[in-house]
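Input: a single structure, listed below in structure tokens.
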Amino acid sequence: MSTNVEGWKDEVYGEEIREHLFEFAEEGWESIPDDEHDAWFERFKWWGLYHQRNGQESYFMMRIGTPNGVLEPGQLEVVADIADEYARGPADNPEFGGAYCDWTTRQSIQLHWIRIEDVPEIFDKLEANGLSTMQACGDSWRNIVGCPVAGKDKHEHVDAWPVAEQLHEEFKGNDAYENLPRKWKVSVTGCDEGCGQGDINDLAFEPARKEIDGEETMGFNVRVGGGLSRKEPRFARDIDVFCTPEDAPKVSAGMSALFRDHGDRDDRFNARIKFLVDEWGTEKIRNTLQEEYVEYELPSAGDDLREQYTYNAGRQDEHGDHIGVHEQPDGNYYVGLNVMVGRMGVDDVRELASLADEYGSGEVRLTQRQNVIVTDVPEGSLDAFLDEPLLEDYSPDPHPFMRGSIACTGTEFCSLSIVETKNRQVRYARWLKENVELPAGIQDFHIHLSGCTASCAQPQIADISLRGMKTRKDGEPVEAFDIGLGGGLGEDPHFADWIAMRVAADEVPGYIRNVLAAYEDESGEESFREFIAARDEEELEALAEPEETDYADPYMHNTKMTWYPYADEDEMDDRPTPARADGTPITADD
Amino acid sequence: MSIDVHQLDAGAWISVNDSREVSVSNLWRLARQEFCGCEMADFLAEGFVEVGVDTRAIEARIAGQCIACGASGVTDWLAVGRVLDGEFRPVVPESVHIPCRRSRLARPASLE
């Protein structure tokens, strides 16, 4: 039996949702029939709108899909203006203020506290500047990710940017692929650093070379069925297919049609293609793709470049994360700036846009590590750019604890999260920087903090993986984390081993300090990842203990039970929601 | 009277008659349960896997973890609340609950 979501999708889905959305916007929040909330909120996701969590009714998260994280000149300023004008809620965030932009782990942008009445105006402004929220959420082609400096990277063997652009053009708003059984995440990468993170995508194009008709051809090997969610992580699997950049749209169309037709629409928890790959195996996937969905003979896989991957590969000789100053093939430079937990206040976003315009081409790019890159800076302008005050807060040479931090949205806005995330991760990173000396030789140390098993912060592929949990302390329930060690990507990707479970949130920094001390004491020449991999579960459990320190955590209580964790009056009964367009709360008497 | 029940947003919450009523992240005390070896499981709800209606009782199978022993998995059916006079009355998660195997088929979501 199909799920209720499939039933709602059968009635209205895809582009046609827009006209309904605009009607509701015109008439106001209260015009959405009470008994149709679930159906419409599910559908609105297709247009990038996600109803915020319980206690924040009538406010939406809006996601803007920027393919490959590329913001063309002028676009970032538009985003800042929209965030400033429309993304303000009834309470401020103590770290980030009243309006801010989030850069996501899929190179997209998220704004919060959006009111449905403002959506048509926001869409007008976005679309007039080549931006869109289409298919940013929902069951269809999501934002395409890849190496964030595609087309401007000396490590690149195939220019993947035109391929990503073409896939974006072809599969956004394409009614043949607008209603899939579940989300469809695609990565296209042409560089040899592995920063496209193809391994954790539904469909991945990774650089490869193959001799075709006697000529060496650069293109992609195809992998299928990666993903991290729901305690069922999978790396994408090699289906033994090589394709040229020209054929990437054909393989993409074939694979997403195969998923559309054969994915499980009866059980959303079993719907992602990773489960179909489990069930069928790669040979059947390949054969079905060849026989039913592609009209040319698929070449077998070529030679990949995975042994050269440096990004998140557990190595300390190269970062591979595009932070810092790097020369482009055209002689200009790109400068990657660290953004703690991917969130910037709007004034900083506007300043960044202005600096990109002044020193570079105006283009800004977003990375899967929630950071930003200013491209096309001439050599002669570099020093002046690096002296700009904004770069004191968004450093091109950050401390490893700052550089390595990623956090998802958390209980601030998200329905699924168990714990507060972004503000806590900021506090963790600051405490670690002040109190923990990294063992000699460690330049990269990734700590990924995810509020729940959905794994939006990609915890399983970090040196330290933090996944939201609860425990009891002195009998009282407090926010906590399961802690994993030794995850990462690279030639031989590895998911973290879950070692310390249900650690109270205020004991996590002490645990990390103790793990690093044990590593320093016991390791020889091993990298941290090798050190973890060389020990069995029992040894790892004995490695370190959680410990209270002078780190103070203001979010130990059940933040999910508040209407907003940082409000002065945070009880659910104090919520000023739902609200009308002007922010006045709608009471039960209205 | 119809009762419309859904689990939504990847199992983040249970909607009863289009109102978000039961959320993940609560701790539930489970007795006489087969989920883990604890006499009383201290169970963190991480996701609602299935929802159904039995007369006026809203029931769910919940994915999560016992924070006392660490066992994780999916519970048997648990009553999460009742609909009385058209209004949802939730149970108190931290009081004691007894999961049950169904002796007859659950009525899944969206029922008349």
- [ ] Go through segment B:1-10 and give me each residue that's open to solvent by 40 Å² or more (accessible area, probe 1.4 Å) and either in contact with a His (Cβ under 7 Å, 6 or more places away or on another chain) or more than 10 Å from every other protein chain (Cβ to nearest Cβ) (or both).
- [x] B:Met1
Task: Single unsatisfied condition, A:Gly48 versus (1) open to solvent by less than 30 Å² (accessible area, probe 1.4 Å); (2) within 14 Å of another protein chain (Cβ to nearest Cβ); (3) of a type outside the set (Lys, Arg) - done: (2)
Open item on the list: For the condition within 14 Å of another protein chain (Cβ to nearest Cβ), touching a Lys or Arg at 6+ places or on another chain (Cβ under 9 Å) and charged (D, E, K, R), what is the one hit in A:Arg106, A:Arg53, A:Arg115?
Closed with: A:Arg53
Open item on the list: I'd like the residue in segment B:11-44 that is within 13 Å of chain A (Cβ to nearest Cβ) and open to solvent by 40 Å² or more (accessible area, probe 1.4 Å) and, out of all such residues, is farthest from B:Pro93 (Cα to Cα).
Closed with: B:Asn17
Open item on the list: Looking only at segment A:101-126, how many residues end up being in contact with a strand residue (DSSP E or B) (Cβ under 8 Å, 6 or more places away or on another chain) and open to solvent by 10 Å² or more (accessible area, probe 1.4 Å)?
Closed with: 5
TODO: Of the conditions (1) more than 27 Å from A:Met561 (Cβ to Cβ); (2) within 11 Å of chain B (Cβ to nearest Cβ), A:Leu432 clears all except one; give me its number.
DONE: (2)
Open item on the list: Anything in segment A:10-38 that is within 14 Å of chain B (Cβ to nearest Cβ) and open to solvent by less than 10 Å² (accessible area, probe 1.4 Å)? List them, or say none.
Closed with: A:Ile32, A:Asp38
TODO: Among the residues of segment A:217-238, write down those that are modelled with pLDDT of 95 or more and of a type in the set (Asp, Glu).
DONE: A:Asp238
Task: Positions within segment B:2-25 being over 18 Å from A:Met561 (Cβ atoms) and among the acidic types (Asp, Glu), in sequence order - done: B:Asp4, B:Asp18
Open item on the list: out of contact with any Asp or Glu (no Cβ under 7 Å at 6 or more places or on another chain), open to solvent by 30 Å² or more (accessible area, probe 1.4 Å), modelled with pLDDT of 95 or more and within 13 Å of another protein chain (Cβ to nearest Cβ): is that true of A:Glu541 in this structure?
Closed with: yes
Task: Index of the failed condition, A:Ser450 passing every other in (1) within 14 Å of chain B (Cβ to nearest Cβ); (2) surrounded by fewer than 24 Cβ atoms within 10 Å (Cβ to Cβ); (3) within 24 Å of A:Arg529 (Cβ to Cβ) - done: (2)
Open item on the list: If the requirement is being buried (at least 20 other Cβ atoms within 10 Å of the Cβ), more than 20 Å from the chain's Cα centre (by Cα), modelled with pLDDT under 95 and under 29 Å from A:Asp317 (Cα atoms), which of these qualifies: A:Glu156, A:Glu193?
Closed with: A:Glu156
Task: Residue list for segment B:1-46, restricted to those being farther than 25 Å from A:Asp34 by Cβ and part of a strand (DSSP E or B) - done: B:Leu27, B:Trp28, B:Arg29, B:Leu30, B:Ala31, B:Met40, B:Ala41, B:Asp42, B:Phe43, B:Leu44, B:Ala45, B:Glu46
Open item on the list: Conditions first: (1) surrounded by fewer than 20 Cβ atoms within 10 Å (Cβ to Cβ); (2) over 14 Å from the mean Cα position of the chain (by Cα). B:Cys66 passes all but one, so which condition is the exception?
Closed with: (1)
Open item on the list: Of the conditions (1) away from chain B (no Cβ under 14 Å); (2) open to solvent by 40 Å² or more (accessible area, probe 1.4 Å), A:Trp498 satisfies every one except a single condition; which number is it?
Closed with: (1)
Task: A:Lys433, sole failed condition from (1) assigned to a helix (DSSP H, G or I); (2) more than 20 Å from A:Asp321 (Cβ to Cβ); (3) among the charged types (D, E, K, R) - done: (2)
Open item on the list: If a residue must be assigned to a loop (DSSP other than H, G, I, E, B), within 14 Å of chain B (Cβ to nearest Cβ) and at positive phi, how many such residues does segment A:213-266 contain?
Closed with: 2
Task: Check on A:Glu437, under 25 Å from A:Gly226 (Cβ atoms) and more than 12 Å from chain B (Cβ to nearest Cβ) - done: no
TODO: Within segment A:123-138, identify whether any single residue is assigned to a loop (DSSP other than H, G, I, E, B), among the basic types (Lys, Arg) and touching a residue at least 12 places away in the same chain (Cβ under 8 Å), and answer yes or no.
DONE: no
Open item on the list: Among (1) open to solvent by 50 Å² or more (accessible area, probe 1.4 Å); (2) in contact with a strand residue (DSSP E or B) (Cβ under 9 Å, 6 or more places away or on another chain); (3) modelled with pLDDT under 95; (4) within 13 Å of chain B (Cβ to nearest Cβ), there is one condition A:Glu476 misses while meeting the rest; what is its number?
Closed with: (2)
TODO: Scan segment A:117-130 residue by residue and report those that are within 24 Å of the chain's Cα centre (by Cα) and not charged (D, E, K, R).
DONE: A:Val119, A:Ile122, A:Phe123, A:Leu126, A:Asn129, A:Gly130
Open item on the list: If I filter segment B:40-50 for residues that are at pLDDT below 95 and more than 26 Å from A:Ala504 (Cα to Cα), do I get at least one hit?
Closed with: yes
Open item on the list: Need the failing condition index for A:Val222 against (1) more than 20 Å from the chain's Cα centre (by Cα); (2) surrounded by fewer than 24 Cβ atoms within 10 Å (Cβ to Cβ), just the number.
Closed with: (2)
Open item on the list: Which of the numbered conditions does A:Ile483 fail, given that it passes all the others? Conditions: (1) within 14 Å of another protein chain (Cβ to nearest Cβ); (2) open to solvent by 20 Å² or more (accessible area, probe 1.4 Å).
Closed with: (2)
- [ ] Please find, among A:Leu366, A:Leu386, A:Leu390, the residue that is of a type in the set (A, V, I, L, M) and free of Cβ contacts under 8 Å to residues at least 60 places away in the same chain.
- [x] A:Leu390
TODO: Go through segment A:484-511 and give me each residue that's under 25 Å from A:Thr562 (Cβ atoms) and in contact (Cβ under 8 Å) with a residue 60 or more places away in the chain.
DONE: A:Ala505, A:Val508, A:Pro509
TODO: Go through A:Glu351, A:Glu291 for me and flag whichever is touching a residue at least 12 places away in the same chain (Cβ under 8 Å) and not in a loop (DSSP other than H, G, I, E, B).
DONE: A:Glu351
Open item on the list: Given the criterion farther than 23 Å from A:Ala407 by Cα, at pLDDT 95 or above and surrounded by fewer than 19 Cβ atoms within 10 Å (Cβ to Cβ), identify the matching residue among A:Asp347, A:Asp330.
Closed with: A:Asp330
Open item on the list: Being surrounded by fewer than 24 Cβ atoms within 10 Å (Cβ to Cβ) and in a strand (DSSP E or B): is that true of A:Lys210 here?
Closed with: yes
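The values are calculated or read from the model by the stated rules, or taken from the named source; none is laboratory data. Note that the structure is a prediction, hence the values are computed from the model and not measured. No Cβ is skipped: glycine too gets one built from the backbone with ideal geometry, and neighbour counts run over all protein chains shown. Note: accessible area is taken over every heavy atom of the protein model, side chains too, but ligands, DNA and RNA are not part of it. Shrake-Rupley method; radii C 1.70, N 1.55, O 1.52, S 1.80 Å.
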